[in-house]
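Asker: Got a structure for you, written out below as structure tokens; questions coming shortly.
The values are calculated or read from the model by the stated rules, or taken from the named source; none is laboratory data. Bear in mind that the values here come from a model prediction, so they are computed numbers and not experimental data. As a convention, Cβ positions derive from the backbone with ideal geometry for all residues, glycine included, and neighbour counts pool all protein chains shown.
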Amino acid sequence: MSSIDVKIITSPSQRGKSTIANAVTSSNEVVELMVVEDFARIENKIEPGTYVKFLQYNTQEEPNKKRIKLHRKTKIFTIKPFDVDATIEQHFFNAPHAPIDEALNMQSNKRVSLKGIAQNISPVKEGPSSRRNELVLKDPQTSSSIRCKLWGKFADSSIASGTLIDIHNVEVSHFESMTTINTTPESTVNELTRPPTRDYIITGFDIDSEPTQIVTTTDLMFNISADLLQKLADNDISTLTDKLPLACTIQLDLKTNTVIGITPKFQR
């Protein structure tokens, strides 16, 4: 008879007709626990921080996810705590950020965090055992976009179209030819009020366009005021080509793709 030793790391939460929790195994693998029946008996044994052994359970394997199904015949034993790699839990609760382009090509169930502009926000959709709303998250620099489903409490998030948001700990899902991301109980959704700052290398500029623009080594194009461009050129635009390529720290207004702050890092 097979068994599995786990440390419970999340509180049980409802998903449809099942109850879900997450755990780390003694071999440092994150698994999803799905209680399909007899939750009243199992509930107090799968609280966060408890260490238990399961016997007589079912296993379901998916890309990036192992699911342990617990039912009325499942045996649960309290066990002595074992060592768990702390980075496993840290990664689970703080999934790294990735560009939307990368998220579109990730495998199902991959956990990730994303930033983008919220668009096409749907009304809340009510189901027999769930509620959600949907939006499109767009990267203003690349125009890539991904559909996001906000489940449960996140369906009530007061997000306005055009808002720049930072959404943590979502899971990638694929259905037919569409890639979506889904909130999890560990997700957070926050509006970003401070424009993001990143380092870029400027390789060219166009003073004749309206508005004035610059281009980077990765072919990203940003709008920039003539005044900021003049300051970058030390008030002599004819000398700017001599400074290229120029590494700069750039602060962007992502809604308009406009540079609102720029500081050279070094000059050639």
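Asker: Filter segment 1-19 for residues that are out of contact with any helix residue (DSSP H, G or I) (no Cβ under 8 Å at 6 or more places or on another chain) and either assigned to a loop (DSSP other than H, G, I, E, B) or at pLDDT 95 or above (or both) and give the result.
Answerer: If the condition is that a residue be out of contact with any helix residue (DSSP H, G or I) (no Cβ under 8 Å at 6 or more places or on another chain) and either assigned to a loop (DSSP other than H, G, I, E, B) or at pLDDT 95 or above (or both), then Met1, Ser2, Ser3, Ile4, Asp5, Val6, Lys7, Ile8, Thr10, Ser11, Gly16, Lys17 are the ones that fit.
Let's see how each residue does on (1) crowded, with 16+ Cβ neighbours inside 10 Å; (2) within 30 Å of Thr19 (Cβ to Cβ); (3) at pLDDT below 90:
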| position | (1), (2), (3) |
| --- | --- |
| Pro196 | no, no, yes |
| Ile202 | yes, no, no |
| Phe205 | yes, no, no |
| Asp227 | no, no, no |
| Thr241 | no, no, no |
| Pro245 | no, no, no |
| Leu254 | yes, no, yes |
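Matching residues to (1) assigned to a strand (DSSP E or B); (2) outside the structural domain of Thr258 (by TED's automatic domain parsing); (3) modelled with pLDDT of 90 or more:
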| position | (1), (2), (3) |
| --- | --- |
| Gly116 | yes, yes, yes |
| Gln141 | no, yes, no |
| Ile146 | yes, yes, yes |
| Phe154 | no, yes, yes |
| Ile167 | yes, yes, yes |
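Asker: Of the residues that sit in segment 57-97 and are part of a loop (DSSP other than H, G, I, E, B), at negative phi and of a type in the set (S, T, N, Q), which one is surrounded by the fewest Cβ atoms within 10 Å (Cβ to Cβ)?
Answerer: Within segment 57-97, the first condition is being part of a loop (DSSP other than H, G, I, E, B), and the residues that meet it are 57, 63-64, 71-74, 79-85, 94-96.
Now drop any that are not at negative phi, which leaves 57, 63, 71-74, 79-85, 94-96.
Those still in the list that are of a type in the set (S, T, N, Q) too: 74, 94.
Values: Thr74: 20, Asn94: 13.
The residue in question is Asn94.
Residue-by-condition table, conditions (1) modelled with pLDDT under 95; (2) outside the structural domain of Trp151 (by TED's automatic domain parsing):
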{"site": "Asn64", "(1), (2)": "yes, yes"}
{"site": "Phe82", "(1), (2)": "no, yes"}
{"site": "Leu104", "(1), (2)": "no, no"}
{"site": "Gln119", "(1), (2)": "yes, no"}
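Asker: Still on this structure, I have one more. Would you be able to tell me the number of residues in segment 63-92 that are out of contact with any Leu (no Cβ under 6 Å at 6 or more places or on another chain), within 18 Å of Ser18 (Cα to Cα) and in contact (Cβ under 8 Å) with a residue 40 or more places away in the chain?
Answerer: Number satisfying all stated conditions: 1.
Asker: In the list Thr163, Thr212, Thr184, which residue meets the criterion of being outside the structural domain of Ser130 (by TED's automatic domain parsing) and crowded, with 17+ Cβ neighbours inside 10 Å?
Answerer: Values: Thr163 fails: outside the structural domain of Ser130 (by TED's automatic domain parsing); Thr184 fails: outside the structural domain of Ser130 (by TED's automatic domain parsing).
Thr212 is the lone residue from the list that is outside the structural domain of Ser130 (by TED's automatic domain parsing) and crowded, with 17+ Cβ neighbours inside 10 Å.
Asker: Test Ser122 against the criterion of being among the hydroxyl-bearing types (Ser, Thr, Tyr), assigned to a strand (DSSP E or B) and either in contact (Cβ under 8 Å) with a residue 12 or more places away in the chain or crowded, with 18+ Cβ neighbours inside 10 Å (or both), and give yes or no.
Answerer: Taking the combined requirement at face value, the residue does not satisfy it.
Asker: May I ask you to list the residues in segment 198-219 that are over 34 Å from the mean Cα position of the chain (by Cα) and part of a strand (DSSP E or B)? Walk me through how you get there before you give the answer.
Answerer: First, pick out the residues of segment 198-219 that are over 34 Å from the mean Cα position of the chain (by Cα): 206-210.
Matches in segment 198-219: Asp206 only.
Asker: Just to be sure, is Asn223 in contact (Cβ under 8 Å) with a residue 60 or more places away in the chain, surrounded by 13 or more Cβ atoms within 10 Å (Cβ to Cβ), outside the structural domain of Leu150 (by TED's automatic domain parsing) and among the polar types (S, T, N, Q)?
Answerer: Values: in contact (Cβ under 8 Å) with a residue 60 or more places away in the chain: no; surrounded by 13 or more Cβ atoms within 10 Å (Cβ to Cβ): yes; outside the structural domain of Leu150 (by TED's automatic domain parsing): yes; among the polar types (S, T, N, Q): yes.
No; evaluated as a whole, the condition is false for this residue.
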